[in-house]
Structures are given as structure tokens and as C-alpha cells.
Amino acid sequence: MTDGIAWLAEPQSISFGGYSVTLARGLGIEAMAARIAASSQWSKRTVEPVGELTGDELVEALDSEYGDVWDGIGLRLGVSGGWTFAVAYGGWFGEFQHDPAISEGGAEVFRVEYEEENGKPVPPAFHHHRDGRTVCTFNLHLDDSWGNGQVVGDAEVAQRVRELLTAEGLPDHEREDREVHRTSLRVLERHFGLTLPRALVLEAPLPAFLLAD
């Protein structure tokens, strides 16, 4: 029994503001932190290790370093069940490009992201990259509120994900957004074997980094 990723759909599942989670096979902690930093689309960022911290401790470190937690970006990373995972804290909103280059060299990378407090509103999003290519991407509300609500990518991968979502009765624009979000995450966790260790993310000290600009 694993934690999966469907728990991310809960309100403030990791911290206030939403979540930005990256999962990868074929990348270690340092390499993954560097690639996430390189995916910043607004400034060149360097990776500065700050020890092993809990989420609350990293938020405190960001607040101390920048004067306001939202003015900086931090990552906590770990390894569990064959996955390297990274969780972003602080002002990560809209910061990262969804560039398949993050998976170059034979890696497989998944990113799920939700700006929960964005008033526009921005739906949660899923991006799957493999060996330098994007193979599947869609917004988890499966609507047109922010860009295309369709599952797109490699024909075989995208088609299978569409079939699995259809089997769950999605898209369903009468269903509450959070339930659609949770169901979409559940489909992804089962199909791709995605899992994020909830207790580690919420309670344990993990290697932490500031993404300095």
C-alpha cells in the first residue's frame, strides 16, 4: 500500500497556496534540484543547500533570507520507492517552464502543480516528460478555463490516459472541481505508478535547497 498522489487534491495538502511536485526516475537529488532550477523562466537560479529541513523550517528559512517567504523559492527533495521527488515552497507560482529538457539523458519526469489560491483561477496541471520529449500533458479539471482542456501528447500515451479518464466518467463539468482533480490524480497514480510519501513530505526533515537568483 502506497500513499499515491491523490492526497494532493486535499485543501492546502502541503502548504498554503497549492503545490508544485516533481517526480523522476533516472535523476538523483542534486541533479534534479539543478534541473528544476534551470527550468526557471524568469531568472537564472543557483542551487544553495541549507541542510535537512521540514517544510515549516524551510518556510522559516525563506522568510529569514528574503524578508517574505513569497519572495524566495525553496525545494525539499527525497527518494522513495524508486522515485526521486521534489516539493517547492515559497513563491514558485508561474516560475517554472514545463520544458521536456528536464528529462534529457534518459530520465522520466512527472510534474503536478496547482496554484490553489490563484483567483483567475488556474486549474491543476500535469506534465510528463521522457528523455527530452513531452509525452503527456493536460489540466486536471479537464475544462477550457485555462488553455486547452484536452489530454495531449504522444498518441499512444495520451489516448490511454484519455480512456482511463473516460472510464471514471470524466470529463464531467457538473462534478465539483476538487473531486475531478482528485479523480484525475488517482488515474495518474494508478497508470504511471506515481507515489509521494505523505509522512516524509509533511513531517520529516529532508535535503533542502534555496533557488537563489
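Dipole size of region 68-150 about its Cα centre, with +1 on Lys/Arg Cβ and -1 on Asp/Glu Cβ: approximately 300 debye, rounded to the nearest 20. Taking 0.36 nm per residue of separation and subtracting the Cα-Cα distance, full extension of the segment from T46 to D144 would add 31.8 nm.
The stretch between A101 and R178 holds 24.7 nm of extra length on full extension. This uses 0.36 nm per residue minus the Cα-Cα distance.
Protein heavy-atom accessible surface, 1.4 Å probe, per residue over region 90-178: 49 Å². Considering only P11, F126, S43, and ranking their Cα positions along the charge dipole of region 1-139 that arises from unit charges at the beta-carbon of Lys, Arg, Asp and Glu, the one farthest toward the positive end is F126. A simple rule links phi to the HN-Hα coupling: the Karplus curve 6.51 cos²θ - 1.76 cosθ + 1.60 with θ = phi - 60°, which for region 66-82 gives 10, x, 7, 4, 6, 8, x, 10, x, 10, 10, 10, x, 10, 7, x, x Hz, with x for Gly and Pro. Were the residues from K120 through F16 laid out at 0.36 nm apart, the gain over their Cα-Cα distance would be 35.8 nm.
Evaluated with a Cβ-only charge set (Lys, Arg +1; Asp, Glu -1), the chain carries a dipole of roughly 760 debye about its Cα centre, given to the nearest 20. Couplings for region 196-201, taken from phi via the Karplus curve 6.51 cos²θ - 1.76 cosθ + 1.60 with θ = phi - 60°, read 10, x, 4, 5, 4, 5 Hz in order; Gly and Pro are left as x. Couplings 3J(HN,Hα) of region 24-36, computed from phi: 8, 10, x, 10, x, 4, 5, 5, 5, 4, 5, 6, 5 Hz, in residue order, whole Hz [Karplus 6.51 cos²θ - 1.76 cosθ + 1.60, θ = phi - 60°; x for Gly and Pro].
Note on region 77-213: dipole from Cβ charges, positive end direction compared against V87, Y114, L200; the farthest Cα belongs to L200.
The values are calculated or read from the model by the stated rules, or taken from the named source; none is laboratory data. Computed from a predicted structure; not experimentally measured. We place every Cβ from the backbone using ideal geometry, glycine too, and count neighbours over all the protein chains shown. To get the accessible areas, we keep the full protein, side chains included, count just its heavy atoms, and leave off ligands, DNA and RNA. Shrake-Rupley method; radii C 1.70, N 1.55, O 1.52, S 1.80 Å.
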